[in-house]
Amino acid sequence: MAISANKPVEGDETVHHVTPGKKEKKGKPKKYPQPPMTPMIDVTFQLLLFFILTCEFRETEGAIPGTLPSKGIVVQSEKELPPLTPIEIRVIPSANRESASYEMTGVTVAIGSPRELGLLLQQRQEQIGSREVPVVIFPSQDVPWGFVVEAFNQAKKARFQKIGFAQQIM
Amino acid sequence: MAKRTVYSCSDVGFNMTPMIDCTFQLIIFFILASQVATDAYASNVKLIRPVDSQAIPIAVAPFPNKVVVNVLSAAAGEKDPDPEMAAEVKFYKINQVKFNVGEWDRMADVIRNMRTEYEKQFPASKAPSAGASGKEGEDDRQFFLEVRADQRVKWEDVAPVIRAGVEAGISKLNITALTARADEVN
């Protein structure tokens with residue numbers, strides 16, 4: 001419990017020596033020194049305002065890793081197919097380019113969604129039993145990039161290791 | 001008649017302590033949650049969040065072992081309703097350098113120069129490891145190309161960027177996408 005200097009405590013009648021400099025004037029409460037808070041609060045509010053005005057909430061970005069051909073652009077004619085027959089995925093946009101469908105080697109119907117494409121790729125990978133089979137994505141020239149990434153992402157999800165893009169050579 | 005108590009100005013005051021407490025809490029939140037924007041990542045790029053996204057969060061590497069090519073759409077913003085405009089490329093951006101459509105040779109030169117500069121600064125034996133990949137045996141010190149394209153732009157405008165990377169002798173490619181939502185992760 002704190003004992004106030006001004007309040008007399010019962011039984012404390014001992015006379016203590018008080019140096020002249022420490023003598024207090026009777027009747028006035030003792031003032032304790034306090035650091036000035038106002039500038040600190042000012043600066044704090046300035047900082048808060050800065051952060052509130054400048055911050056922009058963004059979603060977490062990531063990267064889907066891949067590789068590029070090491071010896072320049074790979075130009076391959078149909079006669080020079082690699083030993084493993086690649087799985088070809090064609091990305092075809094709708095008329096208004098707001099959606100896209102996918103065509104895959106060995107699948108006769110158009111695939112409407114990336115999830116469906118992913119399942120078919122997964123099944124194909126299990127059938128072949130190898131992740132080394134090349135997956136070649138053939139996007140149409142005017143297909144939005146987002147649908148190309150969807151196809152690449154699904155091939156990655158199916159654990160294929162050789163995923164490439166093909167482009168028409170003019 | 002009841003006695004009226006009169007308070008002087010010095011008796012009335014706000015209790016500042018809870019307000020200062022809250023203010024400090026907010027400041028700490030903003031300081032910890034904020035990331036300083038860099039030139040490498042342009043704003044106004046509408047990235048795709050693929051179904052079951054395989055995108056790995058980008059680790060902040062202490063060394064510049066990548067070149068980020070931003071492909072910006074000509075759309076006014078992320079919610080521009082004009083699909084024709086959104087499909088067009090406004091410009092390409094590497095750090096502060098802008099490229100117009102068709103400047104592929106210049107882009108390949110810039111990428112090649114950045115790669116050469118990195119390899120000069122960090123020869124293969126001295127390059128620090130970021131440890132970002134987390135996969136044993138994977139060389140995460142290798143200089144790579146990161147394609148950060150708006151999901152609305154056409155493939156034919158992104159393909160030349162990849163080709164420029166190949167021409168610049170880069171063998172590793174990262175495609176930027178949004179990571180899977182927390183509720184999507186198995």
Check: Under the classification rounded if a/c is under 1.5, otherwise prolate if a/b is larger than b/c and oblate if not, where does the range B:30-126 fall, given a ≥ b ≥ c as square roots of the Cα gyration tensor eigenvalues?
Finding: oblate
Notebook entry, point to check: What is the distance, in nm, between label points placed 7 Å from the Cα along the Cα-to-Cβ direction at B:SER171 and at A:THR105?
Noted result: 2.4
Margin query: My understanding is that a pair violates if its Cα-Cα distance is over 23 Å; which of B:LYS66/B:LYS98; B:LYS46/B:LYS154; B:LYS46/B:LYS66; B:LYS98/B:LYS120 do that in this structure?
Written below: B:LYS98/B:LYS120
Margin query: List residues of the range B:28-47, by number, whose backbone nitrogen lies under 17 Å from a label position 7 Å along Cα→C-beta of A:PHE51.
Written below: B:28-37
Next item on the list: Count neighbours as other Cβ atoms within 10 Å of each site's Cβ, and list the GluC sites (Glu not before Pro) in the range A:91-122 that are DSSP loop with at most 13 such neighbours.
Entry: A:GLU98
Notebook entry, point to check: In nanometres, what is the gap between the two model label sites at B:GLU88 and B:ALA182, each 7 Å from Cα along Cα-to-Cβ?
Noted result: 4.1
Checklist line | For A:GLY164, residues with placed amide H under 5 Å, excluding near neighbours | finding: A:VAL135, A:VAL136, A:ILE137
Next item on the list: Kindly rank B:144-150, B:39-45 from highest to lowest mean number of other beta carbons found within 10 Å of each residue.
Entry: B:144-150, B:39-45
Checklist line | Neighbour cut-off at most 14 other Cβ (10 Å), DSSP loop, trypsin sites (Lys or Arg not before Pro), the range A:108-170 | finding: A:ARG131, A:ARG159
Check: At what distance in nm do the modelled label points of B:LYS79 and A:GLU98 sit from each other, each positioned 7 Å from its Cα along Cα→Cβ?
Finding: 1.6
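Any read-out appearing in this document is the output of simple, stated calculations on the displayed coordinates, not a laboratory observation. Predicted model, so just to flag it, every value in this text is computed and none were measured. All Cβ positions, even for glycine, are placed from backbone atoms using ideal geometry, and neighbour counts span all protein chains on display.
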